[in-house]
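Working notes, structure below.
Derivation of every value follows stated rules applied to the coordinates shown; laboratory data play no part. Please read all numbers here as calculations on a predicted model, not as lab measurements. Cβ placement follows ideal geometry from the backbone for every residue including glycine, while neighbour counts extend to all protein chains displayed.
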Amino acid sequence: MEPVSISHLSYYLPPERIDIDEAASRIGFNDEQLRVYKFIRRLKYVRLSDETADEMAIKVGRKILDKSGVDPRQIDSLVFFHSLYNQSLAPMSMVGRIQYELGLDRALGFSITGQDCASVNSAIRISRNMILAGSAQTVLIIGADGLQDARSRELNGITIVGDGASAIILRKGGAANRVIEIGSFDEGYFHSISDWTVQDQENFDMVYMVASTRLVHRTLRRAGLSLDQIKLLIPHNVNYSSWDRILTFLNLDPDKFFGENIGLNGHAYGTDIIVNLTDAIETGRIRSGEYAMLMSAGMGTLGCIIIQH
């Protein structure tokens with residue numbers, strides 16, 4: 001079977017990068033909340049924008065089309081992934097606006113949400129399956145989140161969420177960035193973070209660590225690979241402390257962890273892994289023929305993708 005590969009990647013991060021002290025001041029953290037994020041979670045910066053999610057999506061969509069030279073009419077499907085925060089009761093289709101502005105006249109367009117930061121995992125899975133089933137040859141996947149409301153940026157002592165957008169073109173064939181295997185985990189119990197008790201938080205922390213470890217090994221088995229064969233683990237940028245624990249659970253060499261952007265950019269939902277994969281390739285952290293593992297997580301959802309660069 002001919003492989004499915006990522007032919008092009010691109011991203012857009014807002015130019016405003018504020019440090020954690022300024023973010024705490026804007027959001028209204030008390031001293032204890034600031035201590036948790038600054039010294040325990042070890043967050044440094046967050047990217048903020050006044051732009052809406054669809055405005056950033058259009059911007060990154062134009063960027064990847066220009067960079068790749070792909071004719072918009074060659075795109076068979078547009079898949080837009082985003083968080084629940086961008087949903088609106090207004091009678092407007094974000095995916096429709098993106099299609100119109102980018103000139104995707106032939107593309108079937110739809111959006112994927114409901115899995116928070118792991119929605120990117122499902123977007124890639126569905127797009128790959130469409131290509132394998134023969135219903136598409138070329139799929140443009142775009143993700144964007146623009147909260148525009150500082151009160152929504154704190155996630156229960158776990159992270160502070162910023163803004164950003166990313167895009168990839170998925171195609172049939174290709175020698176680089178082949179999608180080898182995709183795994184996922186879903187636990188509906190953690191559906192309402194606002195109602196969590198202290199016990200719920202402790203349960204989430206344990207499930208997050210154990211399920212992440214099991215998902216990695218299950219995805220590796222399905223791919224016929226061992227963890228030793230993975231050159232680089234490319235994470236979402238939720239925080240440093242959670243990844244420290246996962247690396248310990250996996251017994252993974254820290255040199256195989258691409259954690260630089262956690263400090264440089266902060267967290268921007270599912271866009272993180274596309275940004276980090278792009279930067280890992282451009283800086284030579286992963287080379288031709290080597291395997292990378294992309295990890296994303298939402299509130300009770302986990303995603304794991306193995307690619308061969």
Cα centroid of the range 227-296 to Cα centroid of the range 2-73, whole Å
16 Å
Which lysines have a Cα less than 20 Å from the Cα of Lys59, not counting those fewer than 8 places away in the same chain?
Lys67
Given Cα pairs under 8 Å that are at least 6 residues apart, what percent is the relative contact order of the range 95-249?
18 percent
For the chain, what does the helix formula give at 222 nm: sum of -39500 (n - 2.57) over DSSP H segments with n ≥ 4, over the residue count, nearest 500 deg cm²/dmol?
-11000 deg cm²/dmol
Order of His8, His82 from fewest to most other C-beta atoms within 10 Å?
His8, His82
Any idea what diffusion coefficient the range 134-186 gets from Stokes-Einstein, in µm²/s, Kirkwood Rh on alpha carbon pairs, 10 °C, 1.306 mPa s?
108 µm²/s
With Rh as the Kirkwood radius over Cα pairs, the chain has Rg/Rh of 0.95
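Under 1.5 on a/c is rounded, so check that first for the range 4-172, then, if it is not, pick prolate when a/b is larger than b/c and oblate when it is not; a ≥ b ≥ c are the square roots of the alpha carbon gyration tensor eigenvalues. Let's see the in-between values first.
Working: a/c = 2.26, a/b = 2.12, b/c = 1.07.
Since a/c reaches 1.5 and a/b is larger than b/c, the shape of the range 4-172 is classed as prolate.
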At a threshold of 8 angstrom on Cα-Cα distance, excluding pairs fewer than six apart, so keeping six or more, what relative contact order does the range 178-308 reach in percent?
41 percent
With the cut-off at 1.5 for a/c, could you classify the range 107-154 from its C-alpha gyration tensor as rounded, prolate or oblate?
prolate
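What FRET efficiency would be calculated for the residue pair Glu282, Arg42, taking the C-beta separation as r and a Förster radius of 35 Å, to the nearest 0.05? Show your work: numbers first, answer last.
Details: r = 25 Å, r/R0 = 0.70.
Using R0 = 35 Å, I get an efficiency of 0.90.
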At 20 °C and 1.002 mPa s, what whole-number value in µm²/s does Stokes-Einstein give for the translational diffusion of the range 222-284, with Rh from the Kirkwood sum over Cα pairs?
173 µm²/s
The chain: relative contact order in percent, alpha carbon pairs under 8 Å with at least 6 residues between
26 percent
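If you scale each eigenvalue of the Cα gyration tensor by 5 and take the root, what three semi-axes come out for the range 23-69, rounded to whole angstrom and sorted largest first?
Numbers: eigenvalues 239, 35, 6 Å².
Those come to 35, 13, 6 Å.
From the Cα gyration tensor of the range 103-254, with a ≥ b ≥ c the square roots of its eigenvalues, which class applies: rounded if a/c is under 1.5, or else prolate if a/b is larger than b/c, or else oblate?
Since a/c reaches 1.5 but b/c is at least a/b, the shape of the range 103-254 is classed as oblate.
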If I take all pairs of Cα atoms in the range 178-308, what percentage of them are more than 25 Å from each other?
22 percent
Fewest Cβ neighbours within 10 Å first, please rank Asp76, Asp54 accordingly.
Asp76, Asp54
Please order Glu154, Glu2 by the number of other Cβ within 10 Å, starting at the fewest.
Glu2, Glu154
At 7 Å along Cα-to-Cβ for each site, give me the label-to-label distance between Ala175 and Ser93 in nm.
4.0 nm
